[in-house]
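Quick notes on the structure that follows.
The values are calculated or read from the model by the stated rules, or taken from the named source; none is laboratory data. Worth saying up front: this structure is predicted, and the values here are computed from it rather than measured. Cβ placement follows ideal geometry from the backbone for every residue including glycine, while neighbour counts extend to all protein chains displayed. Calculation scope for accessible area: heavy atoms of the full protein, side chains included, ligands and nucleic acids excluded. Shrake-Rupley method; radii C 1.70, N 1.55, O 1.52, S 1.80 Å.
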Amino acid sequence: MRIPSLLLRFPRRYFSRRTYFVSFHFTSRADFLGIGSLGPAHRCHTKWICSSGGLRRALCQQAAPEQQAEELSDREQRLVDRLYHGLIQGHRACLAEGITLIESTQSRKKKVAQVLLQKVLSYHREQEKLNQGKPLAFRVGLSGPPGAGKSTFIECFGKMLTERKHKVSVLAVDPSSSTSGGSLLGDKTRMTELSRDMNAYIRPSPTSGTLGGVTRTTNEAILLCEGGGYDVVLVETVGVGQSEFAVADMVDMFILLLPPAGGDELQGIKRGIIEMADLVAINKADGDLVVPARRIQAEYISAMKLLRKRSKVWRPKVMRISAKTGEGISDMWDKMTEFHDVMLTSGELLAKRRKQQKVWMWNLIQENMLEHFRSHLAVKDKIPLLEEKVLRGVLSPGLAADLLLKAFKDGL
């Protein structure tokens, strides 16, 4: 049965608020909507629910990039096109502007950023197909306690890579102040030589309250860097504690950088972070610290034998390096390329990347759900009242949380 054209033209006039559906039979949703002639890009799945409250339309639609692009104004579309073409041509200014766009928390800019990311992702897939399905870039996460020499190491390591004709991108994450909310973003001051290198790009970003030593948009920034032609992406996290190693879910290889006087091997195991490391580097192994560095290396080698294997083809290595003198840096790169080749050949690298995509999706869901919860009409007005009652001791935090969650569920 075809729906009368009057309903399509004047749906509200055709059915009053008290009207009930009795029985309609449609051979397809296209028959109901009258869009049988439309192409797949314009077609959407629509569900009509009729009750005494009137006609309610629920759209369940997967937005295609073309549809997202249609929502942008001409000015925004020109911005996306300019950033995209500049990015794939290797312009650092366009890369910097693109990362600033994805870091924005303004809703309109978030939409523009998603369109840009979708275009870069499509380009990325095409380039990977041309590369016989192999990853375009080597993603490396670098973590360690404050004062381990991460920035000094990146300066020395990055210069060595650019001399070998690699393009290096460094995403340096700085902690944001819990009182003022600001961040120093001073990593470039410790990488003076590398920041002047045309084959290197350094981007300091604030954590903005995100846990795990990385920012909310580190994954997106990695993708833009790869789209810009950088074949080695280094992610330097903030100084980590006992559980902050979110960077391991974003990179191919996770390197733990330790100072020689960082406690015994039990301290490393207790942190739990060593279980995530594919390579442990004892930095500052020069001068008077050579002997302590050797001792720490031996202790960590024995400790890592007790840990459960995470990979079938790779055993984590422990090395001594000195970012100050450059000793051991070249050997470390050899170990890293060995890791990359072994993991790629075994198929573990691609499997790891696919798993990381799922983790990334759920992280975004968690973040956006909390934002949606706080701004929901059923909860928004109740939050200050219940917070006040919790502060006065009238309500327990657990009961207040239950009341808010109940109001949120009822309001859906």
Practice problem: Would you mind working out the accessible area per residue for segment 250-377, using a 1.4 Å probe, and quoting it in Å²? | Solution: 55
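Given +1 on the Cβ of Lys and Arg, -1 on the Cβ of Asp and Glu, and no further charges, what dipole in debye does segment 335-412 carry about its Cα centre, rounded to the nearest 20? All intermediate terms of the calculation are to be shown ahead of the outcome.
Working: 13 positive and 10 negative charges, 24 e Å.
So the dipole magnitude of segment 335-412 works out to roughly 120 debye.
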Quiz prompt | Listed residue (V342, T325, N363) projecting farthest to the positive dipole end of segment 318-363, Cβ model | solution = N363
Practice problem: Quick one: which residues, 5 or more positions from R320 or on another chain, have an amide H under 5 Å from its amide H? H modelled 1.01 Å from N in the peptide plane, none for Pro or chain starts. | Solution: I282
Quiz item: Computed FRET efficiency, Cβ-Cβ of K409 and Q357, R0 45 Å: what is it to the nearest 0.05?
Solution: 0.90
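To the nearest 0.05, how large is the calculated FRET efficiency for E275 and S73 if R₀ is 45 Å and r is the Cβ-Cβ distance?
Numbers: r = 49 Å, r/R0 = 1.08.
The calculated FRET efficiency here is 0.40.
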Quiz item: Largest first, what is the accessible-area ranking of R308, R216, R353, R196 with a 1.4 Å probe?
Solution: R308, R196, R216, R353
Exercise. Excluding residues on the same chain fewer than 8 positions from K134, give the lysines whose Cα lies under 23 Å from its Cα.
Key: K119, K165, K167, K312, K335, K352, K355, K358
Quiz item: On average over all directions, what projected area in square nanometres does segment 274-412 have, based on the convex hull of its Cα atoms?
Solution: 14.6
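Could you tell me whether segment 284-351 comes out rounded, prolate or oblate from its Cα gyration tensor? Rule is a ≥ b ≥ c as square roots of the eigenvalues, rounded for a/c under 1.5, then prolate if a/b exceeds b/c, otherwise oblate. All intermediate terms of the calculation are to be shown ahead of the outcome.
Details: a/c = 4.66, a/b = 1.59, b/c = 2.93.
Here segment 284-351 falls in the oblate category.
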Practice problem: Could you pull out every residue, at least 5 positions away or on a different chain, whose amide H is within less than 5 Å of the one on L395? Hs are placed 1.01 Å off N in the peptide plane, and Pro or chain starts have none. | Solution: V390
Self-check item: Residue-span extension gain [N368 to L130] - 0.36 nm each, minus C-alpha spacing
Solution: 82.2 nm
Quiz item: How high is the FRET efficiency from S396 to W333, r the C-beta distance, R0 45 Å, rounded to 0.05?
Solution: 0.25
Practice problem: Calculate, in nm to one decimal, what L377 and D341 gain on full extension: separation in residues at 0.36 nm each, minus their alpha carbon distance. | Solution: 7.7 nm
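How far, in nm, would the chain grow between S302 and M198 when pulled straight, counting 0.36 nm per residue and subtracting the alpha carbon separation?
On the way: separation 104, 0.36 × 104 = 37.44 nm, distance 4.19 nm.
Length difference between fully extended and current span is 33.3 nm.
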Quiz item: Does segment 73-151 classify as rounded, prolate or oblate by the C-alpha gyration tensor (a ≥ b ≥ c root eigenvalues; a/c under 1.5 gives rounded; else a/b over b/c gives prolate, otherwise oblate)?
Solution: oblate
